[in-house]
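Engineer: Sharing a structure with you now.
The values are calculated or read from the model by the stated rules, or taken from the named source; none is laboratory data. Owing to the predicted nature of the structure, the values given are computational and were not obtained by experimental measurement. We place every Cβ from the backbone using ideal geometry, glycine too, and count neighbours over all the protein chains shown. We work out accessible area using only protein heavy atoms, side chains counted, and drop any ligands, DNA or RNA first. Shrake-Rupley method; radii C 1.70, N 1.55, O 1.52, S 1.80 Å.
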Amino acid sequence: MAVTAPVHWFAHRPSSAAFRHVFDPADFSPALKTRLLILQPTPFCNIDCDYCYLPDRSTTARMPMATLRLAAQRLLDDDLVGDQLTVVWHAGEPLTVPVAYYDEAIGRLDEVLGPHCTLSHSIQTNATLIDAAWCALIARHRIRVGVSVDGPADLHDAHRRTRGGQGTHARVLRGMACLRDHGIDFHAIAVVTPATFARADAFFDFFEAEGVTEVGCNVDEAEGPHLRSSLTGHEAAHAAFIARLLARSRRPGARTRVRELAMALHLVAEPVPVQHWQAHAWPMNVQTLPFALVSVAHNGDFSCFSPEWLGQPAPGFGDFVFGNVARDGYLEAAGREVFARVWSGIVSGTLACERACAHFGYCGGGAPANKWYENGDLGSTETLYCRSVLKRPFDAVLAQLERDVPARAMRGA
Ligand code: SF4
């Protein structure tokens with residue numbers, strides 16, 4: 001479906017005097033392209049984790065197909081589609097809408113975007129609803145699957161419960177077994193808390209026993225209605241946890257890799273892709289680069305930068321909603337004051353990180369949502385989040401490599 005409304009490029013751009021840094025797509029090289037399109041098929045979730053930041057998880061609304069088509073078409077209209085685009089079905093439990101919804105939705109996206117790019121799909125699920133029909137859909141569309149599971153039953157069931165207060169671990173194990181039975185590879189994402197840090201070996205053993213090849217360790221972040229991370233005051237224990245996971249994943253025969261450690265090794269070993277903005281060369285970071293990551297809510301509201309922003313109340317920032325695909329083009333919306341204020345803050349924060357942080361060359365300025373929720377300032381620098389997911393794993397890997405080099409040299413001597 002063509003979008004017939006004329007696009008008014010930056011019709012409402014505020015004067016450059018109003019903000020320190022003004023958004024202009026011409027300032028970016030290579031040109032801005034969307035890499036991740038996060039679509040919210042529904043805000044509803046069938047369970048009720050106590051660290052969840054999603055505000056509307058009891059709402060059963062669904063994204064209409066017309067909205068989904070517009071979300072894709074608007075990218076084309078603004079020349080934001082590059083060679084590859086990943087669609088992430090998220091921001092609610094995606095498996096609470098029917099299998100047939102995805103067959104239709106993926107077909108519509110293929111019609112709009114398929115001729116222009118290589119399209120792939122990804123689902124992050126709590127796995128409680130996975131059955132043979134879901135496995136067939138996943139195989140049919142080669143969907144990449146991430147399962148949310150926090151490790152052994154007691155760690156998991158302490159937080160990931162039904163609305164009636166029942167633990168969900170047994171149902172998740174059944175879902176994972178179903179995936180395995182159908183030959184579907186999946187990765188896992190675990191939310192780690194101080195209780196996990198005290199059980200590093202049991203945590204690692206669980207994923208090894210389940211045949212999970214990669215586990216990501218998310219910290220429970222202070223975001224939206226979840227006001228305080230449980231990591232506050234426990235960072236030394238987190239460092240010991242990371243060190244233990246590194247030791248376990250290096251043992252001969254270990255099959256599970258830890259996402260943050262693997263990413264750190266990759267950052268050390270490979271050149272970091274660079275994005276030029278004005279005279280700056282910054283490491284590629286989809287959370288600080290406009291429209292690299294676009295989030296579209298079930299009702300067509302859209303945001304970019306940090307995916308957690310979608311639907312979160314933020315007085316003074318228009319709840320981080322920059323427009324609605326029914327009315328607005330993405331770049332058209334970027335000409336408005338709310339976007340300009342957010343962008344100016346993100347640039348200030350990125351420049352501050354560039355000046356202050358030894359890890360900037362690998363990070364590129366972190367996650368604006370965490371700067372906002374933890375420090376109350378987009379222009380700020382370090383957060384508990386960046387220390388936990390980037391700095392600490394990176395430093396652990398670097399220190400290990402430094403220890404390995406003399407050992408190898410000794411062996412070679
Ligand atoms: S690690 Fe933290 S302080 Fe350093 S560049 Fe990233 S966000 Fe900024």
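Engineer: Mind checking whether some residue in segment 321-333 is near the ligand (Cβ under 10 Å from one of its atoms) and not polar (S, T, N, Q)?
Structural biologist: no
Engineer: I'm trying to understand the selection: among the residues of segment 126-165, which are assigned to a loop (DSSP other than H, G, I, E, B), open to solvent by 10 Å² or more (accessible area, probe 1.4 Å) and either at pLDDT below 95 or within 20 Å of residue 204 (Cα to Cα) (or both)?
Structural biologist: 152, 158, 159, 160, 162, 163, 164, 165
Engineer: Quick check on my filter: what residues within segment 320-355 are open to solvent by 20 Å² or more (accessible area, probe 1.4 Å) and at positive phi?
Structural biologist: none
Engineer: Kindly establish whether residue 202 is among the hydrophobic types (A, V, I, L, M, F, W, C), more than 25 Å from the chain's Cα centre (by Cα) and at pLDDT 95 or above.
Structural biologist: yes
Engineer: If you check 171, 199, which single one turns out to be closer than 24 Å to residue 135 by Cα, open to solvent by 30 Å² or more (accessible area, probe 1.4 Å) and basic (Lys, Arg)?
Structural biologist: Testing whether each residue is closer than 24 Å to residue 135 by Cα, open to solvent by 30 Å² or more (accessible area, probe 1.4 Å) and basic (Lys, Arg) leaves just 171.
Engineer: Here is a follow-up. From the list 317, 394, exactly one residue is more than 9 Å from the ligand (Cβ to nearest atom), in contact (Cβ under 8 Å) with a residue 24 or more places away in the chain and crowded, with 17+ Cβ neighbours inside 10 Å. Which is it?
Structural biologist: 317
Engineer: When you look at residue 348, is it assigned to a helix (DSSP H, G or I), away from the ligand (no atom under 16 Å from the Cβ) and either hydroxyl-bearing (Ser, Thr, Tyr) or over 21 Å from the mean Cα position of the chain (by Cα) (or both), yes or no?
Structural biologist: Working: assigned to a helix (DSSP H, G or I): yes; away from the ligand (no atom under 16 Å from the Cβ): no; either hydroxyl-bearing (Ser, Thr, Tyr) or over 21 Å from the mean Cα position of the chain (by Cα) (or both): yes.
In short, no.
Engineer: Something else: State all residues of segment 96-110 that are touching a residue at least 12 places away in the same chain (Cβ under 8 Å) and either of a type in the set (D, E, K, R) or open to solvent by less than 10 Å² (accessible area, probe 1.4 Å) (or both); if no residue qualifies, say none.
Structural biologist: Matches in segment 96-110: 97, 102, 103, 104, 105, 106, 108, 109.
Engineer: So for segment 230-238 (the condition being open to solvent by 30 Å² or more (accessible area, probe 1.4 Å) and among the hydrophobic types (A, V, I, L, M, F, W, C)), does at least one residue qualify? So that I can check it myself, show each step before the final result.
Structural biologist: Pass one, segment 230-238, residues open to solvent by 30 Å² or more (accessible area, probe 1.4 Å): 230, 232-237.
From the residues that got through so far, the ones that are among the hydrophobic types (A, V, I, L, M, F, W, C) too are 236-237.
Looking through segment 230-238, at least one residue is open to solvent by 30 Å² or more (accessible area, probe 1.4 Å) and among the hydrophobic types (A, V, I, L, M, F, W, C).
Engineer: Given (1) modelled with pLDDT of 95 or more; (2) aromatic (Phe, Trp, Tyr); (3) surrounded by fewer than 19 Cβ atoms within 10 Å (Cβ to Cβ), identify the lone condition not met by residue 10.
Structural biologist: Status for residue 10: all satisfied but (1).
Engineer: Sticking with this structure for a sec: Answer yes or no as to whether residue 212 is under 22 Å from the mean Cα position of the chain (by Cα), part of a loop (DSSP other than H, G, I, E, B) and crowded, with 19+ Cβ neighbours inside 10 Å.
Structural biologist: Yes.
Engineer: Shifting gears a bit: Condition first: assigned to a helix (DSSP H, G or I), surrounded by fewer than 18 Cβ atoms within 10 Å (Cβ to Cβ) and more than 10 Å from the ligand (Cβ to nearest atom). Now tell me which residues in segment 356-391 satisfy that.
Structural biologist: Selection gives 375 alone.
Engineer: For segment 166-209, give me each residue that is out of contact with any strand residue (DSSP E or B) (no Cβ under 7 Å at 6 or more places or on another chain), part of a loop (DSSP other than H, G, I, E, B) and within 28 Å of residue 57 (Cα to Cα).
Structural biologist: 166, 185, 193
Let's see how each residue does on (1) open to solvent by 30 Å² or more (accessible area, probe 1.4 Å); (2) over 26 Å from residue 113 (Cβ atoms); (3) of a type outside the set (Ser, Thr, Tyr); (4) out of contact with any Leu (no Cβ under 6 Å at 6 or more places or on another chain):
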residue	(1), (2), (3), (4)
22	yes, yes, yes, yes
28	no, no, yes, yes
45	no, yes, yes, yes
50	yes, yes, yes, yes
59	yes, yes, no, yes
63	no, no, yes, yes
72	no, no, yes, no
76	yes, no, yes, yes
79	yes, no, yes, yes
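Engineer: Check residue 296 against each of (1) crowded, with 23+ Cβ neighbours inside 10 Å; (2) out of contact with any Leu (no Cβ under 8 Å at 6 or more places or on another chain); (3) modelled with pLDDT of 95 or more and name the one condition it does not meet.
Structural biologist: (2)
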